[in-house]
Amino acid sequence: MQLTRRTALQGLGLASLFATSAGRASAVFAGDSHPRLLVVHLRGGLDALAALPPHGDPDFRRVRGTARELDTSDDAFGLKLDPLFALHPALEPLARFYSAGELLILPATGIPDIGKSHDAAQRVLFDGDVDGGDFGWPGRAASVLSQGRQTIWRAAPADLSNDVLFDLALANPGLDIARLCLGAASGSAETVQTLLARRQALSAASFAAAATSAAQALSRPDGPRVALLQLDGVDTHVAQGARLSATLGTLARGVVAFSEAAAAIWRQTVVLGITEFGRSVHFNEQGGTDHGSASVAFLMGGAVAGGRIAGRWPGLAADQLHAETDLAVTTDVRSIVNAVLKDHFGFSSQAMAMVAPNASGLPAISGLCRT
């Protein structure tokens, strides 16, 4: 889809579609009944086998050996949610939401045959160029919800170096590129690790602050109804264990901060965590994972019918993998987007097709949101 079509779409008067949306659409402006949405883009392609280890899959140990991504023993996969899945230890602060029925996890999600280009996959995922200022379906949904009065809320982009440069720095701390991208006078491994830890701490503080600001903005009666946050650090080609653990910890703390600041609107809120694709099921020689197919999606909030893991698990046997290297996609992530638009926002089919045309024709997964 070209930018010219997006520009034209904005000029079609999306607010007029609001009046045609069925269900709760006519009531979403009535006091505290406003539905809210926070979209968290885990930018870079999240490794589903690390974030949600399928400890009960008989082939998990074969493809991953031990729980190498957790830097721990073969049996310690984190908090076990059911006989098949566990949460990465860094995500354990989210367990209370799972117990309260406010966290829903969908493994093996992605966009079938999307390829492994970040830019191309992100454009399809958001049906727009988020990095270029076109906020895609979240931005168009925000316009419909506010009848054109409010745009999407988004934090100012963090000034962080590209993850690929940090991969190089981790793997080759003696290279000049390591000193350049880390701003260090020395390229020693110790210096690199210290600066990476410092960067991770700054990133965590920045993300938590942005999440709190998003909650405050969404809580205003006259404020936006949709917010977008981006979290880098999941494109883990090198030394995945510690790096991904830090990023998932940042995610968990940020989402908890959002929930606390959004207490007044929590019952009307959905937090949607999505990524453009997954990672390879096998580690590479640098202790990381390469671009893959399926990942995992998270839905959290008082408006989520959670406390469970939904979707179909494809399995990790050799004949169940995509292209012999990747977790197979069994749930198109755009069907999750359609579910949010239909059941949480109450959009009509016509409004959904205009807000997320790339998802048009895909079913909205039923039962993900409380209606």
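For the reader, a short list of remarks on this structure follows.
For (1) modelled with pLDDT of 95 or more; (2) hydrophobic (A, V, I, L, M, F, W, C); (3) over 21 Å from Arg308 (Cα atoms); (4) more than 20 Å from the chain's Cα centre (by Cα), each residue gets a yes or a no:
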position	(1), (2), (3), (4)
Val333	yes, yes, no, no
Ala339	yes, yes, no, no
Lys342	yes, no, no, no
Phe345	yes, yes, yes, no
Ser349	no, no, yes, yes
Val355	yes, yes, yes, no
Ser360	no, no, yes, yes
Ile365	yes, yes, no, no
Thr371	no, no, no, yes
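- Some residue of the stretch 68-77 being closer than 29 Å to Thr330 by Cβ and modelled with pLDDT of 90 or more: no
The rows are residues; the columns are (1) touching a strand residue (DSSP E or B) at 6+ places or on another chain (Cβ under 6 Å); (2) in a helix (DSSP H, G or I); (3) not charged (D, E, K, R).
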position: Asp319; (1), (2), (3): no, yes, no
position: Arg334; (1), (2), (3): no, yes, no
position: Asn338; (1), (2), (3): no, yes, yes
position: Phe347; (1), (2), (3): no, no, yes
position: Met354; (1), (2), (3): no, yes, yes
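- Matching option when the condition is surrounded by 20 or more Cβ atoms within 10 Å (Cβ to Cβ) and either farther than 24 Å from Leu87 by Cα or at pLDDT below 90 (or both), among Val255, Val238, Val234: Val238
- Filtered residue count, the stretch 101-129, keeping only those that are in a loop (DSSP other than H, G, I, E, B) and not hydrophobic (A, V, I, L, M, F, W, C): 10
- Hits in the stretch 303-324 (condition: within 15 Å of Ile105 (Cα to Cα), more than 17 Å from the chain's Cα centre (by Cα) and surrounded by 21 or more Cβ atoms within 10 Å (Cβ to Cβ)): Ala303
- Filtered residues of the stretch 349-371 (kept if under 18 Å from Asp127 (Cβ atoms) and touching a residue at least 40 places away in the same chain (Cβ under 8 Å)): Gln350, Ala351, Met354, Val355, Ala356, Pro357, Asn358, Ala359, Ile365
- Pairs, first closer than 17 Å to Arg267 by Cα in the stretch 324-346, second surrounded by fewer than 20 Cβ atoms within 10 Å (Cβ to Cβ) and among the charged types (D, E, K, R), C-beta under 7 Å, six or more apart: Gly346/Arg24
- Residue within the stretch 282-291 that is of a type in the set (S, T, N, Q), surrounded by 22 or more Cβ atoms within 10 Å (Cβ to Cβ) and in a loop (DSSP other than H, G, I, E, B) present: yes
- Filter pass, Leu104 being over 18 Å from the mean Cα position of the chain (by Cα), farther than 19 Å from Gly45 by Cα and aliphatic (A, V, I, L, M): no
The values are calculated or read from the model by the stated rules, or taken from the named source; none is laboratory data. These numbers come from a predicted model, not from an experiment. Cβ sites come from the backbone with ideal geometry, for glycine too, and all protein chains shown count toward neighbours.
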